[in-house]
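Presented below is the structure to which this report refers.
The values are calculated or read from the model by the stated rules, or taken from the named source; none is laboratory data. Small disclaimer: the values here were computed from a predicted structure and weren't measured. Quick reminder, even Gly has a Cβ in these numbers, built from the backbone with ideal geometry, and neighbours come from all protein chains shown.
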Amino acid sequence: MKDHPDVDSYIADSDTWPAEITAIRPILLSCGLEETIKWGKPCYCIDGVDTNIVLLQEFSNHLALLFFQGVLLADKEDVLRAQGPNTHGPKRMEFTSTDDVESLADVIRSYVEEAIQHARAGTELPPRPDEALAIELQERLASDDALAEAFNGLTPGRQREYNLQISAAKQSATRERRIDKLAPRILEGKGLRDR
């Protein structure tokens, strides 16, 4: 990832969606957002650069305008897409041409203004839909007090990562093997991706 000092240099280096970024940029700035580079991408914020509102992401088949708290938006125009199957808060609009950007300019502006209102009000994300623990994990935690104590001591996000990793296996025997493999990390209080 190249380190760009500002959005101008980012656009100059873009060979995927520079025209679309150039088209969407004034819309975002007209909403009173401040632009910066975060995570190597154009990011638009309020209150200095402390509160992220949207991020531009270039993919091979579209330009995404990611709303960090998109799940809070009413999405009356039904243009927001989930970032992925396991992502809760962020949602994105997708563009494949400057015509897309221009035709949705008012919608972009409206959604950004709503996102700013939520950010300034400190609106909390709604809770995730309940995700049951894999039955094999439930059984192991019920039979192993040390593992249960360590698992319950993890942050909800780490618990969720372990559950997703374990429950993604199609066969019960594979889920059991994953638990065996991951149990030492859980007992150490580490997350799935911690070093």
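Conditions (1) surrounded by fewer than 17 Cβ atoms within 10 Å (Cβ to Cβ); (2) touching a residue at least 60 places away in the same chain (Cβ under 8 Å); (3) acidic (Asp, Glu), marked per residue:
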{"residue": "52", "(1), (2), (3)": "no, no, no"}
{"residue": "56", "(1), (2), (3)": "no, no, no"}
{"residue": "59", "(1), (2), (3)": "yes, no, no"}
{"residue": "63", "(1), (2), (3)": "no, no, no"}
{"residue": "67", "(1), (2), (3)": "no, no, no"}
{"residue": "72", "(1), (2), (3)": "no, no, no"}
{"residue": "77", "(1), (2), (3)": "yes, no, yes"}
{"residue": "83", "(1), (2), (3)": "no, no, no"}
{"residue": "89", "(1), (2), (3)": "yes, no, no"}
Checked pairs for region 150-178, first in contact (Cβ under 8 Å) with a residue 40 or more places away in the chain and part of a helix (DSSP H, G or I), second surrounded by 17 or more Cβ atoms within 10 Å (Cβ to Cβ) and among the hydroxyl-bearing types (Ser, Thr, Tyr), C-beta under 6 Å and 6 or more apart or across chains, list as none
Inset, instruction - May I ask you to verify whether residue 102 is of a type in the set (Asp, Glu), surrounded by fewer than 16 Cβ atoms within 10 Å (Cβ to Cβ) and either without any contact (Cβ under 8 Å) to a residue 40 or more places away in the chain or in the same structural domain as residue 28 (by TED's automatic domain parsing) (or both)? - result: yes
Restricting attention to region 72-128, the residues that are closer than 15 Å to residue 52 by Cα, of a type in the set (S, T, N, Q) and assigned to a loop (DSSP other than H, G, I, E, B) number exactly 1
Listed by first then second residue, the pairs whose first member lies in region 13-38 and is free of Cβ contacts under 8 Å to residues at least 40 places away in the same chain and assigned by TED's automatic domain parsing to the domain that holds residue 67, whose partner is buried (at least 19 other Cβ atoms within 10 Å of the Cβ) and aliphatic (A, V, I, L, M), with beta carbons under 9 Å and at least 6 positions apart or on separate chains, are 25/7; 25/56; 35/7; 35/28; 36/7; 37/7; 38/55
Subset of region 50-70, residues under 20 Å from residue 34 (Cα atoms) and among the aromatic types (Phe, Trp, Tyr), comes to 67, 68
